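Right, one structure below, let's go through it.
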Amino acid sequence: MNTRHALIAAALATVCTAAAAADKPKAEQEKCFGIAKAGQNDCAAADGAHGCASKSTADMGGADWKRVAKGTCAKAGGKLTAQK
């Protein structure tokens, strides 16, 4: 196997491993609104302001969320539902 094939194989292995790891803990996590810093949200805003991760433009936006361990959202200062 040449270097190019080795790099492609390593990249694919990394992507597959990350995808498998990302799915497992979601059962033990919850969406926490209002705690994401600008550009550090996990997915689309609840109010439709943007449709993708890392697109929030303000710190602690009530429509932006991050996944946190179940039971820790309130301790972090967030809410389990989108804020206005």
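General remarks:
- Checking every residue in the stretch 3-24 against the condition of being in a loop (DSSP other than H, G, I, E, B) and either modelled with pLDDT of 65 or more or touching a Leu at 6+ places or on another chain (Cβ under 9 Å) (or both) gives zero matches.
- One residue stands out in the stretch 53-84 among those that are over 19 Å from Ala27 (Cβ atoms) and among the aliphatic types (A, V, I, L, M): the one that is nearest to the chain's Cα centre (by Cα), namely Ala53.
- Subset tally (residues that are surrounded by 13 or more Cβ atoms within 10 Å (Cβ to Cβ), more than 11 Å from the chain's Cα centre (by Cα) and assigned to a loop (DSSP other than H, G, I, E, B)) for the stretch 25-52: 9
- Residue tally, condition under 7 Å from Cys32 (Cα atoms) and in contact with a Phe, Trp or Tyr (Cβ under 6 Å, 6 or more places away or on another chain), over the stretch 64-84: 3
The values are calculated or read from the model by the stated rules, or taken from the named source; none is laboratory data. Note that the coordinates shown come from a computational prediction; the quantities given were computed from them, not determined experimentally. Heads up, the Cβs are rebuilt from the backbone with ideal geometry, glycines too, and the neighbour counts pull from every protein chain shown.
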